[in-house]
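Below is the structure I would like to discuss, written out as structure tokens.
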There are 2 protein chains.
Amino acid sequence: MDEETDLLNQKFEPMLEQIKVLFFEFGIKNLNMDDISHKLGISKKTLYRFVKSKEDLIARIFEYEQKRWVEVVRSISAQEVNAIEKLFKVSLMVYEEMKRFNPIILFELRKYYEPLFLEYQEKKMAHVALSMRLNLDNGTKEGLYRSDLNADAIIAIYMNYLVEIHNSDYCKGADLSFDELFKIMFEQHIRAISTAAGVAYFEARKNEITELLNKSRN
Amino acid sequence: MDEETDLLNQKFEPMLEQIKVLFFEFGIKNLNMDDISHKLGISKKTLYRFVKSKEDLIARIFEYEQKRWVEVVRSISAQEVNAIEKLFKVSLMVYEEMKRFNPIILFELRKYYEPLFLEYQEKKMAHVALSMRLNLDNGTKEGLYRSDLNADAIIAIYMNYLVEIHNSDYCKGADLSFDELFKIMFEQHIRAISTAAGVAYFEARKNEITELLNKSRN
DNA sequence: AATTTAACACACTGGAAACGTTTTTTGTGT
DNA sequence: ACACAAAAAACGTTTCCAGTGTGTTAAATT
């Protein structure tokens, strides 16, 4: 019974990716279950063999996203680079992710699937926080970050950075692009938590890192 | 009777602007007439004094957009700069406009309000074409554009540039940002239609123009 | 070849939500 | 106290859509 379900789930995973893309393109409410099954080239009946409701479908997508995200962070953590590099890579991905997030989708999630959405956000935040804590530890061990840091506070502040970057009117006063703002925030963070060695490393790498950001923009 | 209607329309115009913003933020289908009246701080009844249906409301927004757009082009045309500068300014605005256009809104317009949308697009295209023709004439008179141009063909090609810039996969092969692509296309166009004097002018101004584009990005 | 399984297309239903209208309430100016 | 306009609420109608059920076809299994 359970193995059967697992097999179904495995088969269904690539479809989840497709459906996610569809949602981003057309919106959630604009796609009914008929539309979705059509776009996938399967019958609605079959679709309902994988999910038990549309809400369940959304939940599955969140679950899938969470898994995918954990995998990404894990793979970056495994790379043979120091803490600053890792933090930058992950931060950049978070930032790119948020950029893609359309306000309409956000609205729909909050209005029609609030409990699911909150749960997802909470899990994601927890995961980011955990990853950041590991990063702080590593950075400290590597002598890049200061050893007298209040980890909880720093994590909270940095996560707030990443979230608030979009909603806020930071860019209004000074006319900054989001990318500019991101660079400044990252630099702010690194300088705030780093030892002299860390700052020196950052300054040496700064230009190349900035270039990475320009590349990622399209 | 007619004067009365005109008064109503005048009062309603700022609301159209607000509603447009709401649509961009929340989507069209996600906002019912109750929501809209609430957000405007008026009653649904009052809203229905201005429009006779939701479809009518969309039509009014298109109408309003068209008017606004004509006004923008008119004001740029009135400026005391040469044809190349004017073309750049208008092109930049078209480009910015398209960038803001969310794929979900596009989908909704096509699916639920196709006739209205097509009519709007047609009018807009006609207007852009007309403006470009004037620009070509002016540029030729100013000695910046060549005098042996096939206006119709050039207009068609350039308009296609602006439209296709987003849908297409131009950026896939070379990894170009949209802004980069826009710059290249504009330069391509100017060089293609200009006299030696025109090209010289463009080359002299090129850097400043590029800077403008960077400024506009946020 | 017969049977089972699985997927597809399509029709149907019940309930929820939206539209557009009408009625009631609220508030303001005279 | 009255008249009036706009807001709020209520209402009937219609549309939409999630979810289910039916019949058919095609492939796999026996």
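Values quoted throughout were computed directly from the atomic coordinates according to the rules given, and no laboratory measurement underlies them. The structure presented is a predicted model; accordingly, all values stated were derived computationally and were not measured. Using ideal geometry, Cβ is built from the backbone for each residue, glycine included, and neighbour counts are taken over all protein chains shown.
Sorting A:Phe23, B:Phe107 on the 10 Å Cβ count, fewest up front, what's the list?
The order, fewest Cβ neighbours first, is B:Phe107, A:Phe23.
Taking the label point 7 Å from Cα in the Cβ direction, how far apart in nm is B:Arg205 from each other copy of itself, listed shortest first?
4.4
Here's something else I'd like to know. Is the C-alpha gyration tensor of the protein assembly as shown telling us rounded, prolate or oblate? Criteria: a/c under 1.5 is rounded; beyond that, a/b larger than b/c is prolate, otherwise oblate.
Oblate, since a/c reaches 1.5 and b/c is not below a/b.
Just checking the output field for A:21-34: average partner chain Cβ neighbours within 10 Å of each residue's Cβ?
3
Which FRET efficiency, nearest 0.05, do B:Ala129 and A:Phe24 yield, Cβ-Cβ r, R0 35 Å?
Calculated transfer efficiency: 0.60.
If each label sits 7 angstrom from Cα along the C-beta direction, how far apart, in nm, is A:Arg191 from its counterparts in the other copies?
4.1
Quick one: if the Förster radius is 41 Å, what FRET efficiency do B:Arg146 and A:Gln188 give, using the C-beta to C-beta distance and rounding to 0.05? All intermediate terms of the calculation are to be shown ahead of the outcome.
Details: r = 52 Å, r/R0 = 1.27.
Using R0 = 41 Å, I get an efficiency of 0.20.
Ordered by packing density, taken as the mean number of other Cβ atoms within 10 Å over each peptide's residues, highest first, how do A:189-198, A:203-212, A:67-76 rank? Intermediate results must be reported in sequence, preceding the final value.
Working: A:189-198: 16.9, A:203-212: 12.2, A:67-76: 14.2.
Ranked from most to least packed, the peptides come out as A:189-198, A:67-76, A:203-212.
Per-residue mean of other chain beta-carbon atoms within 10 angstrom of the beta-carbon, peptide B:121-129? Each step should come with its number before you reach the end.
Values: counts 0, 0, 0, 0, 0, 0, 0, 0, 0.
Neighbouring Cβ atoms belonging to other protein chains average 0 per residue here.
Right, next: Assume the label is 7 Å from Cα along Cα to beta carbon: what separations in nm does A:Glu97 have to the matching positions in the other copies?
For A:Glu97, the inter-copy label distances come out at 3.6 nm.
Can you pull the percent of Cα pairs in the range A:82-216 with separation above 23 Å?
The calculated P(r) of the range A:82-216 puts 38 percent of pairs beyond 23 Å.
Further question: Please work out the Cα center distance from the range B:101-149 to the range A:107-133, rounded to the nearest Å.
So the two Cα centres are separated by 42 Å.
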